[in-house]
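Enquirer: The structure is given below, and queries will be raised subsequently.
The values are calculated or read from the model by the stated rules, or taken from the named source; none is laboratory data. This is a predicted model, so every value here is computed, not measured. For neighbour counting, all protein chains shown are included, and Cβ atoms are generated from backbone atoms with ideal geometry for every residue, glycine included.
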Amino acid sequence: MTMEHGRAAGTTRKPKVVFVLGATATGKSKLAVAIAKRFDGEVVNADKIQVHAGAPVITNKVTEEDMAGVPHHLLGVLPADAEFTAEDFRRKAGRAVARVLAAGRLPVVAGGSNTYIEELVDRDNAAFRERYDALFVWTDAEPEVLDWYVALRVDDMVARGLVNEARAVFVPDDADYTRGVRRAIGLPEMHGYLLAEREGGAGEEELLALLARAVGEIKENTCRLARAQAGKIRRLSGLEGWDVRRVDVTPVFACMKDGGAACHQETWRKLVWEPCQEMVRSFLEAPGCRPCSSIRPARR
């Protein structure tokens, strides 16, 4: 699509910004990259953990391959233990959005830290909403199905090196899990296992039991986080000026569970990508138009 985002000949429309919201594991990164590729955009990370460097598996940072050449901002740019408040995010994300727009491209703000997103959009007398038109796409799934996928994803993270990542940053005597990347689910849960491993007094069976317990806690805490995130987005959808559009990704996970990878990809294309592509196209070309019927308004 070739256009100057947020401007058309003979109009004074505000510049456009697309937000991709959603609980952890609902496919925000994939959708954000797809939108950016289709509409000549760049992604601005809005995840308060992923803004820090380190632990790419535990923090689920999008890989270079999955970025597919799309520039990403505020991803892994801070030291692992740096403080980064919501106000810091508002300033830096605001500048990133302005830079992307100045380059004639579409900013796609994506991430699960809804406190940061609310700070960007509504604080400072809602200056962001005064300056820009915003569309909020919400990837949501039924909790039971998402729980199944979260467990699957955690198992995959373990297979891809979660334990080694946690071991590499483990500090037994002064482990502060309230700062920076150490706040990520997956690090505090591993503390007991790694401590027992380092002290050397536990046998193999005890260590395996401690590891299994840690992995179980990671799954439980991730599911709990996903529910809290969905609740925050539901609240945001009721605020004035928030045009939040819910996209139900439940069938994608259900198909993955029952039909394998090919079914999953086709379902994602038909039920998520194609309607979202049309919704974003309509938003960019004709402000105020309603999305296609397969996208549901956010539940109040």
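Enquirer: Would you point out the residue of the stretch 231-271, among those that are surrounded by fewer than 16 Cβ atoms within 10 Å (Cβ to Cβ) and among the aliphatic types (A, V, I, L, M), that is modelled with the highest pLDDT?
Expert: Per the criteria, the residue is L239.
Enquirer: Please determine whether any residue of the stretch 183-199 is surrounded by 17 or more Cβ atoms within 10 Å (Cβ to Cβ) and touching a His at 6+ places or on another chain (Cβ under 7 Å).
Expert: No, the stretch 183-199 has no match at all.
Enquirer: Suppose we keep only residues that are modelled with pLDDT under 95 and of a type in the set (D, E, K, R) within the stretch 67-111. Which one would you say is nearest to P56 (Cα to Cα)?
Expert: It comes out as D81.
Enquirer: So, in the stretch 161-178, exactly how many residues are aliphatic (A, V, I, L, M) and modelled with pLDDT of 90 or more?
Expert: If we filter the stretch 161-178 for residues that are aliphatic (A, V, I, L, M), which is where we start, we get 162-163, 166, 168-169, 171, 175.
From the residues that got through so far, the ones that are modelled with pLDDT of 90 or more too are 162-163, 166, 168.
Here the count works out to 4.
Enquirer: From the list V181, V158, which one is at pLDDT 90 or above and in contact with a strand residue (DSSP E or B) (Cβ under 7 Å, 6 or more places away or on another chain)?
Expert: On the way: V158 fails: in contact with a strand residue (DSSP E or B) (Cβ under 7 Å, 6 or more places away or on another chain).
After applying the criteria, what remains is V181.
Enquirer: Could you check, for the stretch 202-224, whether at least one of its residues is outside any helix (DSSP H, G or I) and either surrounded by fewer than 14 Cβ atoms within 10 Å (Cβ to Cβ) or at negative phi (or both)?
Expert: Applying the first criterion (outside any helix (DSSP H, G or I)) to the stretch 202-224 yields 202-203.
From the residues that got through so far, the ones that are either surrounded by fewer than 14 Cβ atoms within 10 Å (Cβ to Cβ) or at negative phi (or both) too are 202-203.
Looking for residues that are outside any helix (DSSP H, G or I) and either surrounded by fewer than 14 Cβ atoms within 10 Å (Cβ to Cβ) or at negative phi (or both), one finds at least one in the stretch 202-224, hence yes.
Enquirer: Regarding the stretch 154-167, can at least one residue be identified that is more than 29 Å from R224 (Cβ to Cβ) and part of a loop (DSSP other than H, G, I, E, B)?
Expert: No.
Enquirer: Another question, if that's okay. Just the residues that are surrounded by fewer than 21 Cβ atoms within 10 Å (Cβ to Cβ) and of a type outside the set (G, A, S), please, taken from the stretch 49-72.
Expert: Result: P56, V57, T63, E64, E65, D66, M67, V70, P71.
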